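Accompanying notes for the structure given below.
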Amino acid sequence: MSLSLDARMAEARLSARGIALPKAAAPAANYLPYTMSNNHLFISGQLPMQEGQIAVKGQLGHSVTVEQGAHAAQICAINILAQAKAALGDLGRIKQVIKINGFVSSTADFHEQHLVINGASDFLAEILGDSGVHARAAVGMASLPFNAAVEIDAIIEFEEYGSGS
């Protein structure tokens with residue numbers, strides 16, 4: 001099977017948007033940033049980190065708007081791609097983003113977690129094309145590590161070296 005044309009164009013699409021992938025974040029505790037098994041890449045939860053700081057803190061429905069939350073989700077997706085590149089060496093090896101799990105720090109009466117996680121889903125589809133369209137969950141949480149507004153993990157299917165053209 002050949003590599004997805006959409007995934008091979010990911011770096012060009014990022015560049016056209018003025019986005020440089022950051023260095024993949026190191027784990028904050030006793031876990032791995034990613035693991036691989038049978039052509040699947042399991043990426044640990046990514047926070048909306050920019051330049052070593054949480055870019056969007058707080059709770060949706062209290063101190064964070066849906067738009068700010070969607071931006072945080074996009075930053076999480078950028079960090080997912082940074083981890084994928086660190087793991088695979090080339091975003092063109094991404095065959096399919098299988099699933100993302102989006103966790104939204106939100107008040108009990110906030111019910112728009114899906115709109116927040118759209119920030120990541122829309123971004124992955126824009127950058128990876130059909131390879132970025134995925135299944136997902138969007139879940140409300142009372143709080144997240146470091147007071148982050150959003151955390152997202154991912155499962156990605158990838159091509160082995162030499163299996164495509």
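The numbers here are math on the coordinates, done by the rules we state, and not lab data. These numbers were taken from a predicted model, which means no experiment stands behind them. A quick note on method: Cβ atoms are made from the backbone with ideal geometry, for glycine too, and the neighbour counts reach across all protein chains shown.
In table form, for the structure just shown:
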quantity: Relative contact order (%) - the chain, alpha-carbon pairs under 8 angstrom, separation at least six; calculated: 36 percent
quantity: Karplus-derived 3J(HN,Hα), 6.51/-1.76/1.60, for each residue of the range 130-141, Hz, glycine and proline x; calculated: 4, 5, x, 7, 8, 7, 7, 10, 10, 10, x, 10
quantity: Overall Cα dimensions of the range 24-83, principal axis frame, Å, largest first; calculated: 41, 21, 18
quantity: Normalised per residue, the volume of the convex hull around the Cα set of the chain (Å³); calculated: 102 Å³
quantity: Extended-chain gain in nm, criterion 0.36 nm per residue less alpha-carbon gap, His111 and Thr35; calculated: 24.1 nm
quantity: Residue with peak Gaussian network fluctuation, the chain [Cα springs, cutoff 10 Å], from Val104, Val56, Val64; calculated: Val64
quantity: Average projected area [Cα convex hull, the range 121-165], square nanometres; calculated: 4.8 nm²
quantity: Residue of Glu51, Glu11, Glu151 that the Gaussian network model of the chain assigns the largest fluctuation, springs spanning Cα pairs under 10 Å; calculated: Glu51
quantity: Candidate lysines for bridging to Lys95, where Cα separation is under 28 Å - those fewer than 8 sequence places away on the same chain excluded; calculated: Lys23, Lys85
quantity: Using θ = phi - 60° and Karplus 6.51 cos²θ - 1.76 cosθ + 1.60, couplings along the range 78-91 (whole Hz; Gly, Pro as x); calculated: 4, 5, 5, 5, 5, 5, 4, 5, 4, 6, 9, x, 7, 5
quantity: Loop-located chymotrypsin sites (Phe, Trp or Tyr not before Pro) in the range 1-91 whose Cβ has at most 13 other Cβ within 10 Å (DSSP); calculated: Tyr31
quantity: Residues with amide H under 5 Å from that of Met49, placed H, sequence gap 5 or more; calculated: Ala55
quantity: Spatial separation of Cα centroids for the range 3-73 and the range 100-165, in angstrom; calculated: 9 Å
quantity: Estimated FRET transfer efficiency (Ser63, Lys23; beta-carbon r; R0 41 Å; 0.05); calculated: 0.90
quantity: Integer Hz, Karplus 6.51/-1.76/1.60 couplings in order for the range 37-50, x for Gly and Pro; calculated: 7, 6, 6, 10, 10, 9, 9, 4, x, 10, 8, x, 8, 9
